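Below: the structure, in structure tokens.
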């Protein structure tokens, strides 16, 4: 898989100066640009539309705030795969579903590539999340990027409660070969679109990590857009007690 989305017009300039960029989880190379969250899912409240555009701006349901679940969902059953080593990273199967019991998320994962403009595609439905195929697969070294919508005219989207995740919450990725990778949340951040930390979110990571991204913050009715991105950071768990998590044991 090659290529990465072009940076959006409000994205910060990548480190290293013009013409030198780093793809998510990759090494610096000429004129390959990182995806920028502004170009992902921050078109505000979205409604599914027909045609190649896929998603159209819709009027607002601003002011609706997510509440914690009364009882978290049960974790998915199945064996947990060991973290991949760099020499075997290419053998990690593609992700097919995502479960986050703490916020009641269970969704299949669609593939997200590039638009004709070179930006990251967004899911065509607010009820599913998508995985950026030009980045690492979940379980490979580096940050795997998964994006989803926050809401629409019809109600909450798949990542409506994303900002309620807290350190220690678990994220489960089922893969095409039946294996499951488990990640532990270690941070949740909200970033203004014009201050999005591109390097921190998409830059290289020493181990297998996830970046879960949606919209958040204030909804601007004039532009039909949220003003911020919510980014959840998670690292693959190396053991039942959470060894390998930043700030955790081990």
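The values are calculated or read from the model by the stated rules, or taken from the named source; none is laboratory data. Quick caveat, the model's predicted, so the values are computed rather than measured. Note that each Cβ is placed from the backbone with ideal geometry, even for glycine, and that neighbours are counted across all protein chains shown.
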Strands (runs of 3 or more DSSP E) contained entirely in segment 125-230, each with at least 1 residues that are at pLDDT below 95 and surrounded by fewer than 21 Cβ atoms within 10 Å (Cβ to Cβ): 180-192, 208-220
Every residue from segment 102-123 that is surrounded by 17 or more Cβ atoms within 10 Å (Cβ to Cβ) and touching a strand residue (DSSP E or B) at 6+ places or on another chain (Cβ under 9 Å): 102, 105, 107, 109, 112, 114, 120, 121, 122, 123
Residues satisfying the stated conditions in segment 65-122, i.e. at pLDDT below 95, closer than 15 Å to residue 180 by Cβ and outside any loop (DSSP other than H, G, I, E, B): 80
Could you tell me whether residue 239 is over 18 Å from residue 144 (Cα atoms) and either at pLDDT 95 or above or touching a strand residue (DSSP E or B) at 6+ places or on another chain (Cβ under 6 Å) (or both)? no
